[in-house]
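Taken together, the values in this text are just the output of simple stated rules run on the coordinates, not laboratory data. Bear in mind the structure is a predicted one, so any value in this text is a computation, not a measurement. Every residue, glycine as well, gets a Cβ built from its backbone with ideal geometry; the counts of neighbours run over all protein chains shown.
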Amino acid sequence: MCRKKLMNQRHSERRRLPYWIPAILVAVLISLFSTHSFSGEETARVIIPLLHWLLPGASPRMLRLMHLGIRKMAHVTEFGLFSITVFHGIRRGRFGWRFSWALATLVIAVTYAGLDEWHQSLVPLREARARDVAIDALGAVLAQTLVWFYSRWRSNFVGPPEFSADAAEQ
């Protein structure tokens, strides 16, 4: 009996893994972005000349501010995407939206944001900032808000489970 239960548990775990693959891939991408290659100095070498080409009249100060804004929006975007993929892993193919799923998602996203900043503190030319964790958390919260709105919007187009074509004809 115990062996059968263990086999069922392993089978269940294997069925859950595919739901978590997108979150794992986004987490790896976030970790890649936390390396020296994506430090402010490195991204400035690409982004500031591009901004200067697009906006030749912009002052150097304005270009630096736009570069900073792009980097912070990248935080919001990457943790928003992480939040959506973690929610997908937690939901595991079930339908709808639950506050407990969103809350668990936010706890995971904010925890990972803190770990990401800790990782950056160990990387040359990078530093950890509590402000960046807050920006990451904002991205996760915004994404969960979108997930909630999408779930509500989608539920308007899906009939109740007991609805069938036969019942509609009666």
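Would you call L32 free of Cβ contacts under 8 Å to residues at least 60 places away in the same chain and under 17 Å from A128 (Cα atoms)?
Judged against the criteria, L32 is a match.
Looking at this structure, is R94 without any contact (Cβ under 8 Å) to a residue 40 or more places away in the chain and in contact with a Phe, Trp or Tyr (Cβ under 9 Å, 6 or more places away or on another chain)?
So R94 fits the description; yes.
Looking only at the stretch 140-159, how many residues end up being among the hydrophobic types (A, V, I, L, M, F, W, C) and more than 11 Å from the chain's Cα centre (by Cα)?
Summing the residues that are among the hydrophobic types (A, V, I, L, M, F, W, C) and more than 11 Å from the chain's Cα centre (by Cα) in the stretch 140-159 gives 7.
Those residues that are of a type in the set (A, V, I, L, M, F, W, C) and surrounded by 12 or more Cβ atoms within 10 Å (Cβ to Cβ), I need them from the stretch 34-59; list them, please.
Passing the criteria: F38, A44, I47, I48, L50, L51, L55, A58.
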